[in-house]
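The values are calculated or read from the model by the stated rules, or taken from the named source; none is laboratory data. Treat the numbers as computed from the prediction; the structure is a model and nothing was measured. Positions of Cβ are generated from backbone atoms using ideal geometry, with glycine treated the same way; all protein chains shown enter the neighbour counts. In case anyone asks, the SASA skips ligands and DNA or RNA and just uses the protein heavy atoms, side chains included. Shrake-Rupley method; radii C 1.70, N 1.55, O 1.52, S 1.80 Å.
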Amino acid sequence: MSDKQQQNKLWGGRFSESTDAFVQAFTASVLFDQRMYRQDIQGSQAHASMLAEVGVLTTEERDAILKGLDEIRQEIEDGEFQWSVALEDVHMNIEARLTDKIGITGKKLHTGRSRNDQVATDIRLWLRDEIDLLDGELLRLMSGLLDLAEREAATIMPGFTHLQTAQPVTFGHHLLAWFEMLKRDRERLLDCRKRVNRMPLGAAALAGTTYPIKRERTCELLGFDAVCENSLDAVSDRDFAIEFCALAALSMTHLSRISEELVLWTSAQFNFIDLPDRFCTGSSIMPQKKNPDVPELVRGKTGRVNGHLISLLTLMKSQPLAYNKDNQEDKEPLFDAVDTLAGSLRAFADMIPALEPNREVMREAARRGFATATDLADYLVRKGIPFRDSHEIVGKAVAYGVSKKKDLGDMSLSELRQFSDQIDDDVFEVLTLEGSVSARNHIGGTAPEQVRAAVARAREALGA
Ligand code: ARG
């Protein structure tokens, strides 16, 4: 074999000198795209089966190819496969090995196909598998949240706006707000899957192929919902990957917001919750430290997924039809977006059910922050005072409380009556934290009863 052929057996025909050594390494993708080996083999086996059905391959040829590819998969999984940068990518590595193993028949596998439709098919198969795994982790996290929300349906904490105490809420209600964010993430994930699950194979390099292929058959064998309808679009479209990164970035953004609250709440200043030691680490200099590393890291990792979305959008924006080598750059951002989201979801699904609220501290924080001021204003409205006036009256009562270091619920009736003679004994029920949360008893409200009902509805919708 000449030097030129040895370097790249699969496309060397028209070349008169071998590839520059640096260019070879620079243009190769095998170091990262080998992770799609399973999907590459799956796609090749379906393609070969279809070619035999339409008479392009004999059944003996097909059987040799299917068996050879099964063995290659095993070699890879046993760590025995020799990946070669000279063979550029996962596709040519596997094809070259097939020809080594079964001889000339191996060279027939690529009939009616191109690496352009092959790689587009591999990424879609790969992403589809990953979406299904992500969905499992997301569901685990969501059902852990529902269990916790049910347990904490009546636990009282301050609700915040501007990070200032606003009104009392139940911790279960706050957890269900997180749940709603994740529920929308899951809808986006499953919706994206529909557009991922389309088959490019058969588009060949860009224009289709002259062989009598049956794309519907390959489509069925690979479990795709439908074929990509246009061959030029099939080999060049990566918007499914962009869409995935967009939903991954949004999902990481939600996890990051949750992380921020966990970081705040585990601080000595809030002390609302404890995270078990196994999700935290210490400091090498300050012996007292227990740091919430998992939420901090998830918050930090959100940035890289946002970056991957921008990478892919930028990668696509000026590409003329059809396939361009630029698209080889789609894989690392996509792979890392999947890995980062998967790791973050897994950590959260493990950690969230284990968090321990400090119920007394939460309750005390709600009690101290004049959180029932709106309840007092609403009470005066029920006594016939217009809301704007009652707002003013309660504002004065709060100012008095601030100066006396007394919450509304700790004032005597005569103290309260300084501000309005409409205030009677029945006010104290309104000023309790329980009274405040239970009064918000409508769908989407914070009342414990509503939290329990929302958990039940969510469980039913998840089938969990
Ligand atoms: N490694 C390439 C990629 O990731 C495979 C397709 C290459 N096609 C080509 N005509 N060079 O996109």
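For this structure, a couple of remarks:
- When we screen Asp78, Asp100, Asp63 for residues that are surrounded by fewer than 19 Cβ atoms within 10 Å (Cβ to Cβ), without any contact (Cβ under 8 Å) to a residue 12 or more places away in the chain, over 24 Å from Tyr211 (Cβ atoms) and more than 34 Å from the chain's Cα centre (by Cα), the only hit is Asp100.
- Residue count for the stretch 121-140, restricted to those that are surrounded by 23 or more Cβ atoms within 10 Å (Cβ to Cβ) and touching a Phe, Trp or Tyr at 6+ places or on another chain (Cβ under 8 Å): 2
- Selection of first residues in the stretch 343-370 that are on the phi > 0 side of the Ramachandran plot and of second residues that are open to solvent by 20 Å² or more (accessible area, probe 1.4 Å) and assigned to a helix (DSSP H, G or I), restricted to Cβ pairs under 9 Å at least 6 apart or on distinct chains, gives the following pairs, ordered by first then second residue: Phe370/Val398; Phe370/Val402.
- Matching residues in the stretch 226-246 - criterion: being closer than 17 Å to Ala342 by Cβ and either charged (D, E, K, R) or surrounded by fewer than 23 Cβ atoms within 10 Å (Cβ to Cβ) (or both): Ala246
- Candidate set from the stretch 14-59 (those that are acidic (Asp, Glu) and touching a residue at least 24 places away in the same chain (Cβ under 8 Å)); member that is surrounded by the most Cβ atoms within 10 Å (Cβ to Cβ): Asp40
- Ala205 falls short of the stated requirement of being open to solvent by 30 Å² or more (accessible area, probe 1.4 Å), touching a strand residue (DSSP E or B) at 6+ places or on another chain (Cβ under 9 Å), in contact (Cβ under 8 Å) with a residue 40 or more places away in the chain and among the small types (Gly, Ala, Ser).
- Hey, Phe387 of a type outside the set (Asp, Glu), within 46 Å of the chain's Cα centre (by Cα) and modelled with pLDDT of 95 or more or not: yes
Table: residues versus (1) open to solvent by 20 Å² or more (accessible area, probe 1.4 Å); (2) at pLDDT 95 or above; (3) part of a helix (DSSP H, G or I); (4) under 24 Å from Gln39 (Cβ atoms).
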{"site": "Val169", "(1), (2), (3), (4)": "yes, yes, no, no"}
{"site": "Arg184", "(1), (2), (3), (4)": "yes, yes, yes, no"}
{"site": "Leu201", "(1), (2), (3), (4)": "no, yes, no, yes"}
{"site": "Cys219", "(1), (2), (3), (4)": "no, yes, yes, yes"}
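- Some residue of the stretch 284-299 being closer than 24 Å to Glu243 by Cβ, more than 16 Å from the ligand (Cβ to nearest atom) and open to solvent by 50 Å² or more (accessible area, probe 1.4 Å): yes
- Scope the stretch 308-340; condition small (Gly, Ala, Ser) and either surrounded by 15 or more Cβ atoms within 10 Å (Cβ to Cβ) or under 16 Å from Leu255 (Cβ atoms) (or both); matching residues: Ser311, Ala322, Ala337
- Residue match in the stretch 67-77 (condition: within 16 Å of the ligand (Cβ to nearest atom) and hydrophobic (A, V, I, L, M, F, W, C)): no
- Exactly one residue among Leu408, Leu341 is within 30 Å of Asn306 (Cα to Cα) and either touching a helix residue (DSSP H, G or I) at 6+ places or on another chain (Cβ under 9 Å) or of a type in the set (S, T, N, Q) (or both), and that residue is Leu341.
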